[in-house]
Amino acid sequence: MRVVLAGAHGYGSHYLDRLRRLAPEVELAGICDVRPVDPEALAGLGAPEISADLPGLVERTGARIAILATPIPTHADLALAALEAGAHVLVEKPTAATLADFDRMERAAAKAGLACQVGFQSLGSAAVPAVRELIASGAIGRVTGIGVAGSWPRPASYFTRSAWSGRRRLDGADVVDGALTNPFAHALATALAVAGAEERDAVASVEAELFHANAIEADDTSSVRVVTAGGLPIVAAVTLCAATRDEPYVLVHGERGRIRLTYTVDEVQVDDGPVLRYERADLLENLVEHVRSGAGLIVPIQRTGGFMRVMEAIRLAPDPLPISVDHQDRSGDGPVLPGIAGVVGACAERLALFSELGVGWAVPLTVSGEVVAEYVTRPELPLTASPRPYLHPVRTLGGVVVTEVRPEDHPHHLGAGVAVTDVGGRNFWGGRTYVRDQGPTWLDDHGVQRHVSFDGRDSTGFAETLLWERPGEEPLLREERSVRATPLSRGWALRFSFTLRNLTGGPLTVRSSATKGRKGAGYGGFFWRAPIASRGPRVFTATAEGEEHVHGSRAPWLALSSEDWTLVFAQTSDDPWFVRVAEYPGVGTALAWDTPLEFGAELARGVTVAVADGRLAPGEAAALAAEL
């Protein structure tokens with residue numbers, strides 16, 4: 001059986017080793033490569049013809065099989081050329097760079113009546129059908145979801161090994177070389193195979209979160225949720241920024257147990273039972289046998305349609321977001337994300353994306369490519385803190401942090417966000433509740449702002465849906481929140497708006513501690529907690545200065561400054577400003593300053609905050625406010 005190999009370098013060298021093992025039954029008749037091939041690499045393989053012309057090589061050598069181990073964007077054109085020349089094809093994973101290219105390849109193979117096998121080696125493992133049989137037998141009950149976790153280290157040189165490494169596009173062509181689509185493509189393909197969702201129409205939806213710690217275009221740390229046509233969720237989380245290598249695995253969740261498939265070593269374990277190891281078939285040998293005798297293909301191109309649906313979603317997703325260097329260990333060769341192995345494991349365990357775990361770096365806001373803020377969606381906090389999403393750390397363009405979380409003086413203060421002391425009798429501020437004629441009192445009345453979903457995200461911000469609820473009770477509110485970072489002539493602006501939609505069917509009342517008798521304590525609305533260690537905090541408006549003069553005012557803008565930074569606040573409504581400087585630095589809007597606020601269907605507010613380095617003079621702050 002004569003074969004030709006396109007791409008003898010990089011991963012192609014592995015095929016040279018496999019062909020040596022298969023000789024003399026399989027003969028390497030030719031090599032297609034644009035670079036010279038070291039004669040030592042061909043030891044034991046005879047004298048194959050070397051040419052950059054793949055179809056000509058197939059025709060001259062009479063090769064029955066063409067192996068394609070070339071860069072991702074070349075797969076489709078080379079496969080079509082080989083098929084047209086009359087050769088069966090074994091193409092390395094991923095199948096192609098785009099779904100359109102996949103379609104071209106599938107149609108060409110069908111038209112030529114030739115095989116096109118895809119090199120997802122993990123699908124040659126007998127462990128995959130074994131897991132499918134365990135599921136079918138009811139060993140773990142009804143399957144509720146499938147998780148995937150993978151964490152490997154990669155040196156910086158990994159992303160410079162070729163022109164296309166770490167690229168999403170190159171010279172106008174799609175490459176889509178990312179953690180999920182190349183090194184961990186097997187993980188995703190194996191999970192889809194276990195789910196029986198391998199063909200194109202088996203995938204209903206894809207939600208991807210792509211990040212990079214390395215200075216690359218593609219993703220090196222990513223999570224994705226795939227929902228199959230049958231409604232089964234598959235969540236895969238992987239990274240190339242781990243401190244050490246862990247064997248990646250597929251975790252099948254059932255109502256009565258779990259199955260763990262460690263696909264790199266073909267091991268299967270049900271709950272805490274014995275670990276069983278299975279054999280793996282070689283895909284090249286399988287293709288040779290198919291050509292010789294008509295044996296069934298293990299990974300025909302149709303079997304990768306579901307994977308290509310996911311890859312297409314990743315290709316079309318917004319470009320990966322940067323992970324701030326604050327979260328990286330750069331003491332070695334390539335960035336390491338401390339604790340990332342545990343994070344990807346938690347994603348597989350809980351079937352959650354990075355952002356749904358409350359990982360701060362998973363929702364960054366950037367200005368001119370620099371991370372200026374991070375958004376935490378699901379903080380792990382006691383109920384008494386009224387857990388809610390928040391922004392922290394928020395930074396100036398110079399890197400100065402201008403927010404604080406859980407300070408000793410007020411542990412329920414959470415960076416920048418929305419917090420209200422009393423909505424419908426529930427505390428969404430945290431801490432004690434003010435009771436008339438009694439004072440601050442610990443009550444069992446705390447609520448939670450629960451992140452539901454992002455309705456649009458990019459590097460500058462997001463739209464989000466949340467539910468305001470007391471655990472165990474029906475939600476009171478559905479919030480639609482928009483957060484965006486934009487550049488200014490000096491610094492940048494955080495544009496934060498929210499609409500609270502009443503779900504109770506009747507009017508809702510917002511109260512502050514002031515409405516219950518605590519004079520001046522009208523806090524509740526948008527709130528920004530600044531660092532207690534800020535040097536020389538001052539607060540002023542266009543016409544007044546000092547906490548006692550601006551607290552409760554309705555000035556069109558207000559500035560809070562220190563020696564190192566200045567924040568300029570402006571709002572779309574006419575709510576009074578809640579201000580603290582002497583006790584701690586903080587600014588907020590007061591929905592219910594001294595009178596309860598009752599609303600029906602909805603309540604909408606918006607605040608914009610300019611974030612600048614250094615202490616601005618009143619005139620400079622006014623000029624910045626004019627840009628908001």
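The values are calculated or read from the model by the stated rules, or taken from the named source; none is laboratory data. Note that the structure is a prediction, hence the values are computed from the model and not measured. Every residue, glycine as well, gets a Cβ built from its backbone with ideal geometry; the counts of neighbours run over all protein chains shown. With ligands, DNA and RNA removed, areas are computed over all heavy atoms of the protein, side chains included. Shrake-Rupley method; radii C 1.70, N 1.55, O 1.52, S 1.80 Å.
Return the aspartates and glutamates within reach of K519: Cα separation strictly under 18 angstrom, same-chain partners fewer than 8 residues apart disregarded; answer none if there are no such residues.
D422, D437, E547, E548, D575, E583, D594
Kindly identify region 197-280 as rounded, prolate or oblate by the Cα gyration tensor criterion: order the square roots of the eigenvalues as a ≥ b ≥ c, call it rounded if a/c is under 1.5, otherwise compare a/b with b/c, prolate if a/b is larger, else oblate.
oblate
Which three extents, in whole angstrom, do the alpha-carbon atoms of region 399-554 cover along their principal axes, largest first?
46, 42, 30
I'd like the carbon and sulfur percentage of the solvent accessible area for region 191-257, probe radius 1.4 Å, heavy atoms only, ligands and nucleic acids excluded.
Carbon with sulfur: 43 percent of the solvent-accessible area.
For a quick check of understanding: with a 1.4 angstrom probe and all protein chains in place, what accessible area in square angstrom does E285 have, to the nearest ten?
Here the residue's solvent-accessible area equals roughly 100 Å².
Could you give the angle, 0 to 90 degrees to the nearest 10, between helix 305-316's Cα long axis and the longest principal axis of the Cα atoms of the chain?
For 305-316 against the chain, the angle is about 50 degrees.
Restricting to Cα atoms and excluding each atom paired with itself, what does the Kirkwood estimate give for region 543-628 in Å?
The Cα-based Kirkwood calculation yields 13.7 Å.
So if I take the centroid of the Cα atoms in region 421-460 and the same for region 311-383, what is the distance between those two points in Å?
That distance is 26 Å.
Pop out the carbon and sulfur fraction of the accessible area of region 521-588 as a percent, whole number, probe 1.4 Å.
With neighbouring chains kept in place, the figure for region 521-588 is 50 percent.
What does DSSP give for the chain in terms of the percent of beta bridges that are antiparallel, rounded to the nearest 5?
80
Suppose accessible area is computed on protein heavy atoms with a 1.4 Å probe; arrange E199, E49 from highest to lowest.
Most to least solvent-accessible, the answer reads E199, E49.
Please give the net charge around G520, taking every other residue with its beta carbon less than 12 angstrom from that of G520, where Lys and Arg add +1 and Asp and Glu add -1. The partial results should precede the final answer.
On the way: positive: R518, K519, R580; negative: E547, E548, E583, D594.
Result for the neighbourhood of G520: -1.
Taking region 1-140 as the region of interest, what is the percent of Cα-Cα pairs per 10 angstrom bin, listed from the shortest bin to the one with the maximum distance?
With a bin width of 10 Å, the distribution comes to 12, 40, 30, 13, 5, 1.
Run the Debye formula on the Cα coordinates of the chain, all scatterers equal and no solvent, and tell me log10 I(q)/I(0) at q = 0.10 1/Å.
Per q value, in the given order, log10 I(q)/I(0) is -0.92.
Per residue, how much accessible area does the chain have with a 1.4 Å probe, in Å²?
Accessible area per residue, the chain: 38 Å².
Report D for region 323-365 in µm² per second (integer): Stokes-Einstein, Kirkwood Rh on Cα pairs, 4 °C, 1.567 mPa s.
Reported coefficient: 116 µm²/s.
At a 1.4 Å probe radius, which order do D282, D444, D319, D219 fall into by accessible area, largest first?
D444, D319, D282, D219
Report the charge-dipole magnitude of the chain in Debye, nearest 20, computed about the Cα centre from +1 at each Lys and Arg Cβ and -1 at each Asp and Glu Cβ.
Roughly 660 debye, rounded to the nearest 20.
Considering only P618, A110, T95, whose Cα is most displaced toward the positive end of the charge dipole of the chain, charges sitting on Cβ of Lys, Arg (+1) and Asp, Glu (-1)?
Result: P618.
Using only the heavy atoms of the protein chains and a 1.4 Å probe, how would F454, F526 rank by accessible area, largest first?
F454, F526
Under 27 Å between alpha carbons, and skipping anything fewer than 8 positions from K111 in its own chain: which lysines qualify?
The reachable lysines, counting only those whose Cα sits under 27 Å from K111, are K93.
What number results when the radius of gyration of region 13-93, computed over Cα atoms, is divided by 2.2 N^0.38 Å?
On the way: Rg = 12.0 Å, N = 81, 2.2 N^0.38 = 11.7 Å.
Dividing the Cα Rg of region 13-93 by 2.2 N^0.38 Å gives 1.03.
Counting only the heavy atoms of the protein chains, how much of L276 is accessible to a 1.4 Å probe, in Å² to the nearest 10?
The value for L276 is about 90 Å².
Which whole-number percent of Cα pairs in region 58-174 have a distance greater than 17 Å?
Distances greater than 17 Å cover 68 percent of the Cα pairs.
Taking the Cα centre of region 452-505 as the origin, how large is its charge dipole in debye, to the nearest 20, when only Lys and Arg (+1) and Asp and Glu (-1) carry charge on their Cβ atoms?
360
With a 1.4 Å probe and all protein chains kept in place, how much accessible area does R315 have, in Å² rounded to the nearest 10?
Solvent-accessible area, nearest 10 Å²: 50 Å².
Run the accessible area of region 46-85 with a 1.4 Å probe and give the carbon-and-sulfur part as a rounded percent.
On the way: 800 of 1560 Å².
Roughly 51 percent of what the probe reaches on region 46-85 is carbon or sulfur.
Is it possible to state the helix-based mean residue ellipticity at 222 nm for the chain, with each DSSP H run of 4+ residues giving -39500 (n - 2.57), the sum divided by total residues, to the nearest 500 deg cm²/dmol? What is it?
It comes out at -5000 deg cm²/dmol, rounded to the nearest 500.
Under the rule a/c < 1.5 gives rounded, and otherwise a/b versus b/c splits prolate from oblate, where does region 438-499 land using the Cα gyration tensor?
oblate
What fraction of the DSSP beta bridges in region 1-85 is antiparallel, stated in percent and rounded to the nearest 5? Don't skip to the end; give the middle numbers.
Details: 0 of 12 bridges.
Restricted to region 1-85, the bridges split so that about 0 percent are antiparallel.
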